[in-house]
Structure formats: structure tokens, C-alpha cells
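Before anything else, here's the structure in question.
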Amino acid sequence: MEIREVFAQNLRALRQAKGLSQEELAHEAGIDRTYISALERNVYNASIDVVDRLAQVLGVDVAELLKRPSAGMEDSKSELGE
């Protein structure tokens with residue numbers, strides 16, 4: 001899995017876990033909502049500054065946004081057809 005895909009999946013999961021809409025996250029991070037959507041769909045590369053701002057708003061360390069899933073989690077997603 002490419003790092004952009006990892007970031008996209010982690011961003012969506014962390015945003016949803018915090019109960020934030022894309023619009024709310026974008027507003028708090030000072031970026032456009034359509035950019036959040038594009039990041040979550042793996043359309044754009046995020047700059048390191050944007051990754052840092054998103055992590056701050058989400059209340060996580062930057063590494064959490066870039067952390068690859070464990071091998072077991074990737075396997076279970078494959079089995080589920082995701």
C-alpha cells in the first residue's frame with residue numbers, strides 16, 4: 001500500500017472517530033473542504049505542513065496519519081473485499 005493511500009485511510013478513520021465532518025475538519029485546519037475530500041480519496045499529495053495541521057486538529061501525533069496498518073489488518077480488509 002502506498003503512503004498516500006495509508007494517509008487517506010487514516011485521515012478518514014481519524015476524522016470519523018472524532019465525529020468531525022470534512023467541512024468541520026477543513027474549517028478548523030484552515031483549508032478547503034474539497035481538499036479534505038480529495039485527500040481522503042487519494043487524489044492529492046498533502047504537504048508536510050498540511051499533515052501537521054490536520055494532526056493538530058485531530059489531536060494525534062503526525063505519525064498516526066502515516067502509520068501503516070498491521071499485516072493482520074491488511075489481510076482482514078482483503079478478505080472483506082475492501
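The values are calculated or read from the model by the stated rules, or taken from the named source; none is laboratory data. All values reported here derive from a predicted model rather than from experimental measurement. All Cβ positions, glycine included, derive from the backbone under ideal geometry; neighbour counts span all protein chains shown. These area figures cover heavy atoms from the full protein model, side chains too; ligands, DNA and RNA do not enter into them. Shrake-Rupley method; radii C 1.70, N 1.55, O 1.52, S 1.80 Å.
Looking at the stretch 3-76, what helices (runs of 4 or more DSSP H) fall wholly within it and have at least 1 residues that are in contact (Cβ under 8 Å) with a residue 60 or more places away in the chain? Full working, then the answer.
Values: elements: 3-17, 22-29, 33-40, 48-58, 62-66.
Output list reads 3-17, 62-66.
Next up: Would you please name the residue that is farthest from LEU58 (Cα to Cα), looking only at residues in the stretch 19-47 that are surrounded by 14 or more Cβ atoms within 10 Å (Cβ to Cβ), of a type in the set (D, E, K, R) and more than 12 Å from the chain's Cα centre (by Cα)?
Ranking the candidates gives ARG33 first.
Taking the stretch 48-69, which residues are in contact with a Leu (Cβ under 7 Å, 6 or more places away or on another chain) and open to solvent by less than 30 Å² (accessible area, probe 1.4 Å)?
Within the stretch 48-69, VAL51, LEU54, ALA55, LEU58, LEU65 qualify.
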